[in-house]
1. Does any residue of segment 370-386 turn out to be outside any loop (DSSP other than H, G, I, E, B), among the small types (Gly, Ala, Ser) and crowded, with 18+ Cβ neighbours inside 10 Å?
2. Consider only pairs whose beta carbons are under 6 Å apart and that are at least six residues apart or on different chains; among these, list those whose first residue lies in segment 567-578 and is in contact (Cβ under 8 Å) with a residue 12 or more places away in the chain and whose second residue is among the charged types (D, E, K, R).
3. In this structure, does residue 244 turn out to be assigned to a helix (DSSP H, G or I), of a type outside the set (Gly, Ala, Ser) and open to solvent by 60 Å² or more (accessible area, probe 1.4 Å)?
4. Among the numbered criteria (1) in a helix (DSSP H, G or I); (2) open to solvent by 40 Å² or more (accessible area, probe 1.4 Å); (3) in contact (Cβ under 8 Å) with a residue 12 or more places away in the chain, which one does residue 416 miss?
5. Here are some conditions: (1) touching an Asp or Glu at 6+ places or on another chain (Cβ under 9 Å); (2) of a type in the set (Asp, Glu); (3) under 30 Å from residue 440 (Cβ atoms). Residue 476 meets all but one. Which one does it not meet?
6. Taking into account only those residues within segment 567-581 that are outside any strand (DSSP E or B) and open to solvent by less than 80 Å² (accessible area, probe 1.4 Å), which is nearest to residue 191 (Cα to Cα)?
7. Please enumerate the residues belonging to segment 473-528 that are within 30 Å of residue 411 (Cβ to Cβ), surrounded by fewer than 14 Cβ atoms within 10 Å (Cβ to Cβ) and of a type in the set (Asp, Glu).
Amino acid sequence: MLTYLRRHSKGILAYVAFGAIIFVFVLWGGSSYMSREANKVAKVDRTIISVEQYSKAYTETLKAFQKQFGQALTPELIEGLNLREKVLDDLVDQYIIEADAKKMGIVVKEEDLQHFISQVDIFRRDGAFDETLYRRYLEYEGMTPAQFEDKTRKNFLKKLFFSLISENVTVTSDEIEALYHLMNDTYDLNYLVVSPQDFLASVQVGDDEVKKFFEENKERYRVPARITVTLVDFPTSRYLDQARVSEEEARDYFESHKGEFSRPEAVQLRNILITVPEGSDAKTQGEKTALAERIMAEIKAGKDFAALAKTYSEDPTSGPKGGDLGEVPLGSLPEEIAKAVSGMQPGDVKGPFRSKNGLHIVKLEARKAAKETPFEEVAQAIVGKLSTQRAKIVAREEAKKAFMELYESKKPDVEAFAKARGLAPRIVGPASEEELKAAFIEPEAVKKAFTFATGELGEVVETPEGYALYQVSRKELSRIPELKDIAALVREDAKVKAAARQALEHARKLCETETARLVAMNPQSTGEFTRSAASVPGLESIKGLMDQVDDLTKPKAFDAGTKAYVVWIKSRKAADPKDLSPEKARELRESLLETKRDLVVKEYLAQAKDDKRGWHKVRIERDKIASHGGKGQRGDTPPPEGLY
């Protein structure tokens with residue numbers, strides 16, 4: 001910082017300013033109020049939440065979701081989770097919880113915290129807390145004991161706080177019955193699809209309409225900003241010789257991560273499923289049971305199980321494959337199937353028996369016993385993993401040293417710096433943000449790269465190979481092309497939009513038709529579902545449809561963007577509360593109690609930061625979090641577990 005100021009200070013005014021900055025630096029540890037204000041994403045009362053705090057929290061949250069969802073964490077899912085808003089809200093809420101808990105006298109006692117930590121299984125050896133194991137595990141996870149204890153203390157405090165403000169929540173029998181109906185009333189919807197493609201050929205758009213469409217949708221055609229960067233790489237592989245791991249360290253890792261090296265008991269199964277919808281009448285259930293028993297009789301008579309599965313099974317995934325479920329860990333099977341399989345030997349067939357999905361007949365093809373891999377078999381792999389993690393730390397430190405050396409130079413030149421040390425500079429670009437994600441691991445580092453001026457030294461960034469530092473060598477600003485350059489594309493988009501309007505209008509006219517005539521048009525059916533389902537089967541693209549199912553006694557038109565739909569109720573079956581067992585009622589009560597407690601907590605926090613009624617003053621600058629979450633996160637992958 002001081003070097004930067006000296007380099008850019010000129011004349012007597014600059015020296016006066018420089019003196020003032022030194023004064024503030026001494027008083028405030030190098031950080032002024034103004035700079036902190038400029039660097040905030042939110043302010044709660046007089047406490048600032050900085051961009052750096054937000055970035056760190058966002059990265060940690062993203063990594064947690066990546067561990068939970070793996071490859072299923074798509075950009076669309078990240079957008080649907082509204083991750084950037086959630087992280088910021090959580091930071092604000094955390095401040096409110098800690099501030100209000102303090103006023104209420106809620107504290108986490110040190111002895112309670114230490115007792116909890118001492119009881120965590122992964123920190124225990126031979127029935128007792130092991131300090132060495134504890135510290136090594138935290139080292140593997142990139143945390144210091146102070147960081148871990150602080151995080152645990154905050155979680156304890158939050159739990160105590162939530163318990164206090166929600167302790168008077170109760171659940172009535174009427175609420176339990178309403179939840180039972182929500183989970184068990186079944187619906188089946190009819191729907192007709194009206195495709196814009198059916199109207200596209202007849203659509204004509206004039207030049208004025210094209211121009212108007214372009215003016216209203218300019219951002220759709222924006223060409224993204226692009227930069228070219230020159231990098232010096234510090235690959236992990238270069239430092240492996242400096243990152244040796246002892247056998248004792250490898251064994252400690254093995255002992256604290258045994259789940260990585262064990263194989264649970266697994267079975268290879270074939271399954272024939274005959275679905276029995278919940279709430280089916282006695283006749284339907286009798287017919288389904290008779291069919292399952294007839295299939296079982298054919299199996300006993302020598303018929304091929306796979307052939308019968310292809311003919312009769314209603315499982316859309318395994319049925320066409322002869323009922324083959326592949327190799328499945330026994331513990332991951334539904335309880336009813338696991339219980340049936342537990343006593344079977346390869347070649348045995350059992351059934352029919354019931355599950356929540358219907359009637360099953362299963363054949364056990366093979367069984368694999370659980371296996372704990374001995375340390376000797378994985379020692380080399382563990383040493384390799386830990387060596388790579390340590391080498392990555394060395395690579396990061398070397399990159400930081402090089403960065404400081406370049407930053408302190410009069411005129412940073414990454415390419416010259418690399419060549420002088422026998423390193424090969426690497427050019428990336430011109431690249432958009434999306435394209436630069438192939439080179440940089442962290443999404444916020446990608447966004448930040450676009451804030452540097454041409455010729456400016458960037459920062460140390462994580463790459464797929466290790467770490468690198470970079471310099472921006474060229475910038476191309478984002479722009480919107482002239483209409484004349486993209487006229488054909490805009491005209492086609494305008495036609496599609498016009499066709500979509502015609503499709504929706506046609507759907508609305510169909511709603512005025514008698515339902516009997518709509519039924520004669522061979523509508524599609526969703527099949528039976530309950531309101532507790534994540535979405536309406538086949539109609540997932542219609543937002544908010546699940547909340548409107550009770551209103552569909554008459555046909556209603558919906559705009560789903562690329563298509564229009566006409567939807568109405570085909571059938572509805574109300575669950576009988578008499579079928580609600582005392583055990584199930586208790587489960588629903590507990591579930592509803594937890595939900596209501598969560599709602600009380602959310603309402604408390606909402607009131608606390610309400611602009612008019614709240615007792616905390618909250619100001620949020622959402623434009624500063626626009627670079628986080630949302631679309632375009634396909635390259636987001638957490639760094640490997642390491643000794644950070």
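1. Within segment 370-386 (the criterion being outside any loop (DSSP other than H, G, I, E, B), among the small types (Gly, Ala, Ser) and crowded, with 18+ Cβ neighbours inside 10 Å), the answer is no, since none of the residues qualifies.
2. 567/556; 570/188; 571/188; 574/185; 575/185; 577/177
3. no
4. (3)
5. Of (1) touching an Asp or Glu at 6+ places or on another chain (Cβ under 9 Å); (2) of a type in the set (Asp, Glu); (3) under 30 Å from residue 440 (Cβ atoms), only one is false for residue 476: (1).
6. Across segment 567-581, the extreme among qualifying residues is 574.
7. None - no residue of segment 473-528 is within 30 Å of residue 411 (Cβ to Cβ), surrounded by fewer than 14 Cβ atoms within 10 Å (Cβ to Cβ) and of a type in the set (Asp, Glu), so the list stays empty.
So that you can scan it fast, the table gives a plain yes or no per residue for (1) open to solvent by 30 Å² or more (accessible area, probe 1.4 Å); (2) modelled with pLDDT under 90; (3) within 32 Å of the chain's Cα centre (by Cα):
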{"site": "180", "(1), (2), (3)": "no, yes, yes"}
{"site": "193", "(1), (2), (3)": "yes, no, yes"}
{"site": "196", "(1), (2), (3)": "no, no, no"}
{"site": "208", "(1), (2), (3)": "yes, no, no"}
{"site": "211", "(1), (2), (3)": "yes, no, no"}
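The values are calculated or read from the model by the stated rules, or taken from the named source; none is laboratory data. In this text, all values refer to a predicted model and were calculated from it rather than measured experimentally. Backbone-built Cβ (ideal geometry, glycine too); neighbour counts: all protein chains shown. All accessible areas refer to the heavy atoms of the entire protein, side chains included, with ligands and DNA or RNA removed. Shrake-Rupley method; radii C 1.70, N 1.55, O 1.52, S 1.80 Å.
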